[in-house]
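I have placed the structure first, in the form of structure tokens, so that the comments after it can refer back to it.
The values are calculated or read from the model by the stated rules, or taken from the named source; none is laboratory data. Just so we're clear, the structure is a prediction, and the values are computed from it rather than from any experiment. Ideal geometry is used to build each Cβ from the backbone, glycine not excepted, and the neighbour counts take in all protein chains shown. The accessibility values were calculated without ligands, DNA or RNA, using every heavy atom of the protein model including side chains. Shrake-Rupley method; radii C 1.70, N 1.55, O 1.52, S 1.80 Å.
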Amino acid sequence: MSEPRTTQPEKDKKKKPAANEGRSNLPPNVSNAEEDEVPEMELFGFMPRGASMKEYLEVQTVHLFKFPNELNKQEHHTDKYYNMQLIVRRAQPFHIQIDFNRPYNPEKDQFWIEYLVGRYPQQNRGTYVPVPLVEELEPGKWGAKIIRNLQNSVNLHVMSSPHCIVGKYRMYIAVLTPFGIRRTNRNPEIDTYFLFNPWCKEDSVYLEDEKEREEYVLNDIGIIAYGDIDGMKSRSWEYGQFEEGILDACLFLMDKAQLDLAGRSNPIKIARIGAAVINAKDDQGVVVGSWTNEYTQGVAPSAWTGSVDILLEYHSSGMPVRYGQCWVFAGVFNTFLRAIGIPARIVTNYFSAHDNNANLQMDVYLDEEGKVNSKLTKDSIWNYHCWNECWMTRPDLPVGFGGWQVVDATPQETSDGMFRCGPASVLAIKHGHACFQFDTPFVFTEVNCDVVYHKVLKDGTRGVEYVDKTHIGKKIVTKEIGSNGMQDITDLYKFSEGTEEERLALETALMYGVKKEAGQDIQSVSDVSMDFQVENAVLGSDFKVIITFRNSSLRRYTMTAYLVGNIVFYTGVVKTEFKDKSLEVALEPNGYTPVEVLIRARDYMSQVVEQASLHFFITARINENKKILAQQKSVVLQVPQLHIKVHEEARVGKEMTVLVNFTNPLNKTLENVTLRVGGPGLLKTATKLFSEVPMNSSFTWTEKCTPRRAGMRKLIASLDCEALRHVYGELDLEILSAQST
């Protein structure tokens, strides 16, 4: 196709040249949705008067075999997409049929297929692709092979390049005539989506194991871990990457991020801009983050049951959706990645460090009494943090660092001027190669830094009092393949705590990052130790904290200890202090002393925030030698659950009734209670508002739905109100195939 040409009027010739003159005559091409008009007849010169085109080949119809039960979508694993267009994966043959006005004669007729994406189509940038007819298809190259030429129809196998742009292409059939090139008219019905292909060895996202492909590309429901290390919880999340409108919404995100179309063949670039556009911190991206417990202008993060409503709303309005926290950013990001064919999963890191000053450690400052100095302590430790991993090669790194890459859309710190993180090689993180792009030092700190306790004297003198080398990154998990359980993947991120390999990885990271301060290698060896446990803690009930002090020496010690209880956001940021108790403890030689502290519901209920997280910090000073011990623990209070039931037979095309039941266990009335229920292939998310739910009372909500997809499906429900959040319920269903009539 001829390159676009521009003409300049005579009167404009003396105008100041454009800023891009000398580099390009075309502006950036950053929209998959926009398009230029393509001439149906591209003349070589003048058309002779009276010339007839009837004798030349003319396209009548193009058949793409694009229905879910037809060959193309079945072979390309795209039959689940609720989308009537042809959707194929790159570097894999697909089938088309072209009907002409007469039989095709290869001796005298010449035609080819053209694919165009965006505006200003250019062959050298991959936005204009003329697909030639070839004798045999070659891996790595565009080509079309005729497999049958019968009567007026030609059947072809078409192969795309493993490096082609991922997006929605416009398709034309071009026929060469003596007067010029005749094309089919613009027909949106034959627009074709090309996606990444984890089934193809030539594709940069190739994933060898079929069970992993089924889980990380084709599974449209996930399990997200949350809570705390001693009370790990999980909830289902509807990715919904195959739902109606979602693929277009995901392509829109790349337009919104203004990623040049030529860069959309590269999963590294797509993952990096995706990490930025999923959050709305600095670019009017998809989700507005909020950790304030005030959500009157939108939806509480805990109320969302999946990504579909969020992405469709953003695609429709172009305005950020309120509100999200880390698991919401991760859930939406996972949908984006899987929708376009990049294998992806959500990872949860328990006790995740947020390093504010990039020194690869958590700094906690204590006063002379052993209490935390909140003015100096700026680093925070999240109870848990969710991010994504995506699978790809990394030709920009040394050999061996491809595979799983960390990408994080939660807006914590900026990277190259935008709130985003990654992709960072998981293997590079494990070995401490903090010099590798992108953002490897930040992720390394999240999973494997030390917590350094500094004592600050009244005269301002500081010294390292204690170093905790095992607190951060206690456990890192993701959903198990083929089940609803959690898989421990801590060993992918770090060597076993205390081993020589683990310390070497930390030293390597510090070598590439920052140098240690003097005195930082102080060990925590002491004759006296302490530990504490929290009894089963239920929201609205009293419970006990039990602290045990141990003396392994022949000396008698006395201690002054402080227990501070805080209401915290799950990010480790303190909202308010609700408990402050001093303890005087005597320790006999080779003895131990347990101390119980009662935590009353009335102390925390009026201040508790959405994830019902309490944080206890205990410091103890040994009076005889002035040494300080410190420990901290987070507790997530248990909340009630929703219960889902289905009475009728679950069958495709047959209406069934869904019942959602809830009992309010609190001694207070819940007000403005919002309930949501939905599930991909079953029920688009339905919402119901209850003005109040009296204390200790129950309700049942009934909703109708008609399944449209057979197999194992899941219903997911959530309840949200100001006094009670993170209330979930789910139900697994086997949907039977439609009955034959």
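Assorted remarks:
- Scanning the range 701-740 for residues being open to solvent by 30 Å² or more (accessible area, probe 1.4 Å), closer than 19 Å to residue 650 by Cβ and over 26 Å from the mean Cα position of the chain (by Cα) gives a total of 12.
- Note on the range 362-393: residues that are open to solvent by less than 10 Å² (accessible area, probe 1.4 Å) and farther than 20 Å from residue 461 by Cβ total 10.
- Residue 625, sole failed condition from (1) among the polar types (S, T, N, Q); (2) free of Cβ contacts under 8 Å to residues at least 60 places away in the same chain; (3) buried (at least 18 other Cβ atoms within 10 Å of the Cβ): (3)
- Tally, over the range 25-70, of residues that are farther than 25 Å from residue 182 by Cα and loosely packed, with under 12 Cβ neighbours inside 10 Å: 2
- Whenever a residue of the range 149-169 is more than 14 Å from residue 116 (Cβ to Cβ), its partners that are of a type in the set (Lys, Arg) and in a strand (DSSP E or B), lying with C-beta atoms within less than 7 angstrom and at least six residues away or across chains, give the pairs 155/148; 156/145; 157/145.
- Only a single item in (1) surrounded by fewer than 20 Cβ atoms within 10 Å (Cβ to Cβ); (2) modelled with pLDDT of 95 or more; (3) not in a helix (DSSP H, G or I) is not met by residue 259, and it is number (1).
- Among residues of the range 106-141, those that are without any contact (Cβ under 8 Å) to a residue 40 or more places away in the chain, more than 15 Å from residue 173 (Cβ to Cβ) and part of a loop (DSSP other than H, G, I, E, B), counted: 7
- Checked across the range 321-343, the condition of being in a loop (DSSP other than H, G, I, E, B) and open to solvent by 30 Å² or more (accessible area, probe 1.4 Å) holds for no residue.
- Screening the candidates 683, 666 for the property of being surrounded by fewer than 20 Cβ atoms within 10 Å (Cβ to Cβ) and not assigned by the TED database to the domain that holds residue 610 yields one hit, 666.
- Just one of the listed residues (488, 521, 542, 531) is modelled with pLDDT of 85 or more and loosely packed, with under 13 Cβ neighbours inside 10 Å, and it is 488.
- Of all positions in the range 190-207, at least one carries a residue that is touching a helix residue (DSSP H, G or I) at 6+ places or on another chain (Cβ under 9 Å), part of a strand (DSSP E or B) and buried (at least 21 other Cβ atoms within 10 Å of the Cβ).
- Selection from the range 579-613 of residues that are in contact with a Gly (Cβ under 6 Å, 6 or more places away or on another chain) and open to solvent by less than 20 Å² (accessible area, probe 1.4 Å): 601
- Test: residue in the range 269-281 that is at negative phi, over 18 Å from the mean Cα position of the chain (by Cα) and polar (S, T, N, Q): no
- Output for the range 152-166, where each listed residue is buried (at least 22 other Cβ atoms within 10 Å of the Cβ) and not aliphatic (A, V, I, L, M): 160, 162
- Residues within the range 592-646 that are part of a loop (DSSP other than H, G, I, E, B), touching a strand residue (DSSP E or B) at 6+ places or on another chain (Cβ under 8 Å) and under 23 Å from residue 325 (Cα atoms), tallied: 11
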